[in-house]
Each structure stands twice: as structure tokens, then as C-alpha cells.
Amino acid sequence: MKCQLLTAAVLTLVTLPNMGKTVDVEIVPEPQKESAIVSPEIYGQFAEHLGRCIYGGIWVGEDSEIPNINGYRSDVVEAFRALQIPVLRWPGGCFADEYHWRDGIGPKEDRPTMVNSNWGGTVEDNSFGTHEFFNFCELLGIEPYLSANVGSGTVEEMAKWVEYITAKDGPMAKEREKNGRKEPWHLKYLGVGNESWGCGGNFTPEEYANVYRRYQTYARDFDGNKLYKIASGASDYDYNWTDVLMKIAGHHMDGLSLHYYTVWDWDKKGPATGFTPDSYYYTLGKALEIDSVVNRHVQIMDKYDPKKRVDLLLDEWGTWWDVEPGTNPWHLYQQNTMRDAMVAALSLNVFHKYADRLKMANIAQVANVLQAMVLTEGDKMVLTPTYYVFKMYIPHQGGTFIPLDIKSPSMPVASERKDFERSVPMVSATATEKDGIVTISLANTSLEDKAKISIPLSALKVNKIEGGEILKGADVKDYNDFDNPNKVAPKEFKGAKIKKDVLELELPEASIVTLSLK
Ligand code: AHR
């Protein structure tokens, strides 16, 4: 949890010329011989014991009247299955460094309760623990990503947890079997602590780097399971953390994390809905600043690791607004509009650019918390506009990145940081190729103007439009709720054509389009 106070920005927007007009934008694909693969894990998710993310969002228990599969909400299982989630990070977040895994195994009635002191003092009954998490991942074919407790846990506790999950034989395996699971689970991603500069123990980077070296030593590979070890990384602009970690512990890690939230001001975040155009553009500027932030962290990593052995993992990102009125301020339940969808699209477009170093990203969080995929209330569930962006972007998972030269006008927007000049391009786009299909995703950020896009295809060996989808609200402030669950949903997009080897389309204002070409 960040305590950083950002100075409120004074917004001075320079609007695009010809408001309400159609603006020509040319996008030139520049495929390269050797281009990075967009790691599917960039489409990863994060589930913390926070508010109603786990309880009510994923887990209702076997005895619930809400339709469920072994305790997991059936509607959510179906929604997540359709999203092809590659990886899920659990159990936190800040919660991870107070979580003692032994409290969450064995007969439910014997599991001790605890106070979730990070998130409003809610009493946690530990009914969702290791078995429930790993079985959920197995049910959906998701790669689990475990965050181990460093702040208030011991090396032994972490080592035994790994053994309990992955060993075929021995005392931990026997205990697991007694608790109903004979075969070990598969565990690849192991995070050693979370936000160790803050809620994860308030370490200095030097202290944490040494603690990390010690903890990771005892995270063993059992019976063919191979761990991928992740050090807890920096918060957004803390480049020194990355530098020290790479210097002292770089040789002992497979990945180093980074957290970046799109937030206005930690003390005054603003409403998720009913925002002004200024707030909309400011938000997109802040979201896009992740480009420079990732770039600077990557440069530091390149200094110590030019061969790119260590991956950068953005294991928390997304929008952070005021909670919905009347809800627990610590449960971080927020609505999700087309503005959030736009943040998702612009951010994913940036992530693709760093595909050679950025190998995972986990949006916060998968259900009912922050920029969620699904919102639930009792037995009802809605899919958010952000969910639909992730769904439309599925074809990019595992695709080869195709750089684009986008000749788009931009508008400067205010920044609270002197070292960054923020601007929002009218059009943001990304392209990948997989199995002979080129997928192009485009976003028009303008609230007023349409973009007339032309994309010469000569460099791309494709000449046919296979399909297209558009996500757009009647208003950028539109969202889905339990009375109106389908207000914002993708529709078929037929506004593209190929003329003399040039793809042409008109991109409506505040819209996101994905096209597949063959
Ligand atoms: O995602 C909510 C919180 O944000 C996480 O628990 C923490 O890691 C971050 O500060």
C-alpha cells in the first residue's frame, strides 16, 4: 500500500485541432526479422484476500445457494475460462506478508481465524487456502503464482510451504495427502515477499536484497518441479530499488517485480464514474507514463544483465479510484467504465513494446477489487469493460510483436512530475502475428474526434480481414452494473476494408477495435 502523497495536478489541456472532425492517422507496420514473443503471462491476474475478491468473488463454499463447482462460483469460473487467464498471483499483495499457510489447510472447522489487518480488520476464516487455490488453478488450467510471507514469516515456513505443494514424498507430502491431495501440484512462480519496501516489512533495498538471497536459497526444487524465483520489486519511480536489487541479488533471481498504479493522488483518488473530460485525459496520461517508467527500470536491468536473463514482472497494475459510495473503504470495491477499458488497452499496448524483458503483468485485481474483471453481488455477476479488453486481446497472447510507426497527433496533459512530459496520443495501437494471423488492436482516445486510419499491409503478408470487434460506450462514463449488465460490451466491427493493399477503417471516438487479418 502506498503512502506517497502526490501533489494535485493543475490541469491545462490543449485540445486537438478540429474537434468533432475526422483526423487522418497513418500506421506503418515495421516487422523485424527477430522480434520478441508477447508472453501470455502479460495477461496475468491477481487475487488477494482483500474485500470480496476471494470470498464472494471466487469462493462461496460448497454449501452456498449460489451455483458453484466445489465451492467456486460457476458464473465466475465460466467467465475466467473464457478469458484464458495464463497466471494468477495469490494470496497478496500486502496480505501475503501476514499470511501463515498452515492456517489454511486441514478440516475447515479446525482452521484458525485471523484479523486481516491490512484490509480493514475483516476477520478471515481461512476457508480458502492452499488446496482451494491450487485446485482452482488446476480447474481452469491457470499457472499459479504464489507470494510467500517474508515480512512476518520465517524461511522455514516458506520452505515447508513449497515442499507441501510440490514434494512427492516426505513429511510434507504425507500431510498434504492426509488433507486430501496425494499428487503434488505444479508450482513455477514463487514470489519472495511483496512490496518489501512497505507493507512487506519496510526493508531498505540493501536489507531486502540480502534477505531475499537467504530465503531463495531454501526454496527447493522437489521431484522435477522447477521454481522460478521472483524478488519483490520497486514501486513505480523507485529506480534505486531496482538498481540495488540487481546489484546485490540479481544472480539469484529469475524475475524482479514492479508495481505501478494509475492513480490521481493517493489521498484524493476521485470517483470511478461520473468523471470530467479533464480527469479522463489526465488518467490516460498517467497510465501511459508507465512506458517511461518501465523503460527506466529496463535500462537499469540492462546495465547488470545485458543478456536479459532476469525478467521484469509488473505484478500489480491498474486503476485505483475511490471506493463505491457506501462500501467499506478498505475493500477497494470500484466501478469500471470505458475509461478503465481505455487504460487497459493503452497499458497492454505499451507492455507489448517491452516483450523482450517484460514477461508478466498481473492486473489488480481479478474480482471485486480495483480494476476488476468481474463484479459480483449475491448471485449476480457482471463483466466489466476491462474484462472485454482482455478478451479482445486474447489473440495477442504468445504472438510475435510487430513494431508500428504510428503517425498520430498527441495532446499534452498535466503531470505532477517534473521529470516527465505527459502527452496522450489520439491513436494507440499494437500488432502481433501468430500462426499466420495478424492481430491489430487500436484505441482512439479522443472524446470528440474520429480517426481515419490507414495501414499499408505490404510488409505483412496478409490481405484478408478475418473478423473484427469494437468496444465503445454511448458515453465514456458508461459501465455495467447489476441492473444494466450489458451496457458496454463488444460488438462486431465491420468498418474496415482493404483497398490496394492498404487497410482502412474509421475508429469512432473513445473506442477500442481489434481486427484479425490473414
Ligand atoms: O492491490 C492492492 C494492494 O496494492 C496490494 O495489496 C499491495 O501490494 C499494493 O499496495
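Taking the criterion of being open to solvent by 30 Å² or more (accessible area, probe 1.4 Å) and farther than 11 Å from Phe128 by Cα, the residues of the stretch 56-65 that qualify are Glu62, Asp63, Ser64, Glu65. Output the number of residues of the stretch 432-452 satisfying the condition of being in contact (Cβ under 8 Å) with a residue 60 or more places away in the chain and more than 16 Å from Pro403 (Cβ to Cβ). Total meeting the criteria: 12. For the stretch 218-247, the set of residues classified as more than 19 Å from the chain's Cα centre (by Cα), among the aromatic types (Phe, Trp, Tyr) and within 16 Å of the ligand (Cβ to nearest atom) consists of Trp241 only. What pairs come up if the first residue lies in the stretch 350-365 and is away from the ligand (no atom under 16 Å from the Cβ), the second is open to solvent by 10 Å² or more (accessible area, probe 1.4 Å) and part of a loop (DSSP other than H, G, I, E, B), and their beta carbons are under 7 Å apart, counting only those six or more places apart or on different chains? Correct list of pairs: Ala355/Ala36; Ala355/Ser39; Asp356/Ala36; Asp356/Lys308; Arg357/Lys308; Lys359/Ser39.
Counting only residues that are open to solvent by less than 40 Å² (accessible area, probe 1.4 Å), of a type in the set (S, T, N, Q) and over 17 Å from Ala272 (Cβ atoms), the stretch 446-496 holds 2 of them.
Filtering the stretch 73-89 to residues that are open to solvent by 10 Å² or more (accessible area, probe 1.4 Å) and more than 14 Å from Ile394 (Cα to Cα) leaves Ser74, Asp75, Glu78.
For beta carbons closer than 6 Å, sequence separation of 6+ or different chains, a first residue in the stretch 152-181 that is within 13 Å of Asn225 (Cα to Cα) and outside any helix (DSSP H, G or I) and a second that is open to solvent by less than 20 Å² (accessible area, probe 1.4 Å) and at pLDDT 95 or above, the qualifying pairs are Ala167/Ala173.
Do you know which of the residues in the stretch 28-50 that are open to solvent by less than 70 Å² (accessible area, probe 1.4 Å) and touching an Asp or Glu at 6+ places or on another chain (Cβ under 7 Å) is nearest to Gln371 (Cα to Cα)?
Residues of the stretch 28-50 that are open to solvent by less than 70 Å² (accessible area, probe 1.4 Å), as a first pass: 28-29, 31, 35-36, 38-50.
Among the residues that remain, those that are also touching an Asp or Glu at 6+ places or on another chain (Cβ under 7 Å) are: 28, 36, 46, 49.
Details: Val28: 32, Ala36: 28, Phe46: 11, His49: 15 Å.
Across the stretch 28-50, the extreme among qualifying residues is Phe46.
Anything in the stretch 370-395 that is closer than 22 Å to Tyr260 by Cβ and either under 12 Å from the mean Cα position of the chain (by Cα) or not in a loop (DSSP other than H, G, I, E, B) (or both)? List them, or say none. Selection gives Leu370, Gln371, Ala372, Met373, Pro385, Thr386, Tyr387, Val389, Phe390. One residue alone among Cys53, Cys94 is touching a Cys at 6+ places or on another chain (Cβ under 9 Å), within 16 Å of the ligand (Cβ to nearest atom), at pLDDT 95 or above and open to solvent by less than 20 Å² (accessible area, probe 1.4 Å), and that residue is Cys94.
Lys391: surrounded by fewer than 21 Cβ atoms within 10 Å (Cβ to Cβ) and under 28 Å from Gly20 (Cβ atoms), yes or no?
Values: surrounded by fewer than 21 Cβ atoms within 10 Å (Cβ to Cβ): yes; under 28 Å from Gly20 (Cβ atoms): no.
Spelling it out, it is not the case that Lys391 is surrounded by fewer than 21 Cβ atoms within 10 Å (Cβ to Cβ) and under 28 Å from Gly20 (Cβ atoms).
Specify the residue that is farthest from the ligand (Cβ to nearest atom); the eligible residues are those in the stretch 121-150 that are open to solvent by 40 Å² or more (accessible area, probe 1.4 Å) and in a loop (DSSP other than H, G, I, E, B). Please lay out each step first, then the result.
First, the residues of the stretch 121-150 that are open to solvent by 40 Å² or more (accessible area, probe 1.4 Å): 122-123, 125, 135, 138-139, 141, 143.
Still in the running and in a loop (DSSP other than H, G, I, E, B): 125, 141.
Working: Asp125: 19, Gly141: 24 Å.
It comes out as Gly141.
The values are calculated or read from the model by the stated rules, or taken from the named source; none is laboratory data. Note that the structure is predicted; figures quoted are calculated from it, not measured. For neighbour counting, all protein chains shown are included, and Cβ atoms are generated from backbone atoms with ideal geometry for every residue, glycine included. We work out accessible area using only protein heavy atoms, side chains counted, and drop any ligands, DNA or RNA first. Shrake-Rupley method; radii C 1.70, N 1.55, O 1.52, S 1.80 Å.
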